[in-house]
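The values are calculated or read from the model by the stated rules, or taken from the named source; none is laboratory data. Here the structure is a predicted model, which means the values were calculated and not measured. Virtual Cβ from ideal backbone geometry, glycine too; neighbours counted across all protein chains shown. Surface accessibility is based on the protein's heavy atoms, side chains included, excluding ligands, DNA and RNA. Shrake-Rupley method; radii C 1.70, N 1.55, O 1.52, S 1.80 Å.
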Amino acid sequence: MSNNEPVRIALWSGPRNISTAMMRSWGNRPDTFVCDEPFYAHYLHATGRQHPGAGEVIASGETDWRKVIEHLIGDVPEGKRVFYQKQMTHHLLPNIDRAWLDDVTNCFLIRDPREVIVSYIRKNNDPTLEDIGFVQQAEIFDRLRTHTGAVPPVIDARDVLENPRRILGLLCDAVGVEFTHSMLSWAPGLRGTDGIWAKHWYGEVARSTSFQPYSPKNEPVPERLHAVYEKAREVYELLHQHRLH
């Protein structure tokens, strides 16, 4: 890939992962423009989900998924070479055409579903399987593998936190850009590229200046969510075997 050819990277994650820290990491590259959950307004508008600040997100965002896609596969904003797109798997609703995925470089960020669930229930006590994004992640992954004949890059949050330099280096190699040490730390605070929902969700990241060391979460999954956990675990283990490490 030539140094002038644009690179559009869609990193597909579920909620309660390190996806915002990853966006900080990529956003600290001088050659990169970052985009925060571009389908969120459409998702809220279409589903009626009552997330914090939902009305504000819908009012300020793009609710037409076709226009969102035009933006994602169009010119990279601000004349940058790399267009990093923080994507939530559950935001890619079934009604959204998937053909555009062929026009971006897709990769996947996974996290142990037990850790996802025990984190998620602090905000939403009764998540469904669809809320935590694993099934949608598998659907996107399988579509890409079938269409391209290749396995898309997968990284695990724990691996990133345990060795950010190594895993980010492997990811950069996989998507065709050079690693830069600017990805390992950043200034604290919110960003103009953050979604309008940042004030509700990004408090911890706003205080951070780098990836935080991995800390095991030992809380058990509540019994009422065991079926959700078991299904998510199946997907996680399938993707985990493909991870860069």
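Quick notes on this structure:
- Pair list, Cβ < 7 Å and 6+ apart or interchain, from segment 108-125 residues that are open to solvent by less than 30 Å² (accessible area, probe 1.4 Å) to residues that are in a loop (DSSP other than H, G, I, E, B) and charged (D, E, K, R): Glu115/Lys217; Val116/Arg16; Val118/Lys217; Val118/Glu219; Ser119/Arg16; Tyr120/Arg16
- Listed by first and then second residue, the pairs with beta-carbon distance under 8 Å, at least 6 apart or on different chains, first residue in segment 168-181 and more than 10 Å from Arg29 (Cβ to Cβ), second surrounded by 19 or more Cβ atoms within 10 Å (Cβ to Cβ) and of a type in the set (S, T, N, Q), are Leu168/Ser25; Val175/Thr105; Gly176/Thr105.
- Of the helices (runs of 4 or more DSSP H) lying entirely inside segment 164-216, those containing at least 2 residues that are under 28 Å from Ala54 (Cα atoms) span 198-201, 203-207.
- Figure legend. Inter-residue proximity from segment 63-79: first residues closer than 16 Å to Asp103 by Cα, second residues among the hydrophobic types (A, V, I, L, M, F, W, C) and assigned to a helix (DSSP H, G or I), beta-carbon distance below 8 Å, spacing 6+ or different chains. Indicated pairs: Ile69/Trp100; Leu72/Trp100; Ile73/Trp100.
- Flag for Ala46 being open to solvent by 10 Å² or more (accessible area, probe 1.4 Å), over 19 Å from Ala198 (Cβ atoms) and in contact (Cβ under 8 Å) with a residue 24 or more places away in the chain: yes
- In segment 1-18, residue modelled with the lowest pLDDT [restricted to those that are open to solvent by 10 Å² or more (accessible area, probe 1.4 Å) and polar (S, T, N, Q)]: Ser2
- Considering segment 120-155, the residues that are more than 15 Å from Gln50 (Cα to Cα) and of a type in the set (Lys, Arg) include one that is modelled with the lowest pLDDT, namely Arg122.
- Phe33 vs. criteria under 23 Å from Leu190 (Cβ atoms), of a type in the set (A, V, I, L, M, F, W, C) and in contact with an Asp or Glu (Cβ under 7 Å, 6 or more places away or on another chain): yes
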